[in-house]
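Every number in this text was worked out from the coordinates using simple rules, so none of it is lab data. Source: prediction; values computed, not measured. Here the Cβ positions follow ideal geometry from the backbone for every residue, glycine too, while neighbour counts run over all protein chains shown.
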Amino acid sequence: MPDPDWADRTATLLEAVRTRGPLVHCITNTVVQNVTANVLLALGASAAMVDVVTEAGPFARVADALLVNTGTPHAEPRAASLEAAAAAVDAGIPWVLDPVAVGSLPVRTALARDLLALGPTVLRGNASEVLAVLGASAGGRGVDSTVGTEDARDAAVAAVSGLDPAGRHVAAVAVSGPVDLVVGSRAVGTPGVPVRVANGTELLTRITGGGCALGAVIAACSSVCPDDPLAAAVTGTAVHTIAAELAARDAGGPGTFQPLFLDRLASLSPEDVVREARITEERAA
């Protein structure tokens, strides 16, 4: 049964994002830069794509949040992403790692694991990507997952609980799928709490950037609650998927869905969130 407390928390954080208008520094793949910027603008945030070495680090320090997406890991963006992530950690800026298509491809897999070692605030990906970067599987088929979200549950819980065998630790993990799984701990050293978000639409998988833009939305949400990565990841996931679900009701297909999604994201109200959210927290037995 949906948890009304989570719906209320999500609505409150959405309003906080719109009030503050956070600047999200995005080092993301070239295929989705335009989509990502438009999604952030529709949300009420703003975006900058600074992926030049010697600029990325200083810019990360003045941004409100950072997204690092490994989708097109050319040489300079690789170096810039490591520079920016290290600067964000040093400055206390929340940052999101989106390890696109890791596992079978060596360059991005090595990069993603180097980035993971820096301790992202949120790790976001599909189940295959999350398992691969955590060293629990060989990865999926390109950007497509070959396993379900629940297959990543135990690895995600271990990573946020400080129980990962290799010592990998993140504050929260967001696993995308038909039902999204978000895992985070209430406090350092406490067990990870699994939360499920059952909103969304299959049309998000039929447009470019449907998942990659989610990483930016989570980053924006992280900027308004840096001390609660679980809430940030749940809020970003819920806001993104609720807007998509509402857009899909009026869309005739992928071509009409994308602009409708931006419109719905821009017009999404706290009341919409409270009414539509299907968020459930897994309770200890």
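Each Lys or Arg adds one and each Asp or Glu subtracts one; over the other residues with Cβ under 15 Å from the Cβ of Phe261, this totals -3. Take 169-181, 216-228, 100-112 and order them by the average number of nearby Cβ atoms within 10 Å per residue, most first; the result is 216-228, 169-181, 100-112. Rounded to the nearest whole Hz, the Karplus-based 3J(HN,Hα) values (6.51 cos²θ - 1.76 cosθ + 1.60, θ = phi - 60°) of the stretch 80-96 follow the sequence 5, 5, 5, 4, 5, 5, 4, 5, 4, 4, 5, 8, x, 8, x, 9, 10, with x at glycine and proline. Entry note, the chain: the mean residue ellipticity at 222 nm calculated from DSSP H runs of n ≥ 4, each adding -39500 (n - 2.57), is -14500 deg cm²/dmol after division by the residues and rounding to the nearest 500. Translational diffusion coefficient of the stretch 4-281 (Stokes-Einstein, Kirkwood radius from Cα pairs, 10 °C, 1.306 mPa s): 89 µm²/s.
Once fully extended, how much extra length lies between Thr12 and Thr30, figured as 0.36 nm per residue of separation less the alpha-carbon to alpha-carbon distance?
Details: separation 18, 0.36 × 18 = 6.48 nm, distance 3.24 nm.
Taking 0.36 nm per residue and subtracting the Cα distance, the gain is 3.2 nm.
Counted by Cβ distance under 14 Å from Thr36, the other residues give a net charge of -1, where Lys and Arg count +1 and Asp and Glu count -1.
To the nearest 20 debye, what is the magnitude of the charge dipole of the chain about its Cα centre, counting +1 on the Cβ of each Lys and Arg and -1 on the Cβ of each Asp and Glu?
Numbers: 19 positive and 30 negative charges, 48 e Å.
Value, rounded to 20: 240 debye.
Taking the average, over residues, of other Cβ atoms within 10 Å as the packing measure, peptides 253-265, 30-42 rank 30-42, 253-265 from highest down. Here each label is just a point 7 Å from Cα along the line to Cβ, and for Ala198 and Val274 those points are 2.1 nm apart.
Remark: the stretch 160-285 is approximated by an ellipsoid whose semi-axes, taken from the C-alpha gyration tensor as √(5λ), come to 28, 14, 13 Å, largest first. FRET efficiency for the pair Thr72 and Met1, taken as 1/(1 + (r/R0)^6) with r the Cβ-Cβ distance and R0 = 51 Å, rounds to 0.75.
What fraction of the DSSP beta bridges in the stretch 4-281 is antiparallel, stated in percent and rounded to the nearest 5? If you can, show how the numbers build up before the last one.
Working: 14 of 32 bridges.
Beta bridges within the stretch 4-281, antiparallel portion: roughly 45 percent.
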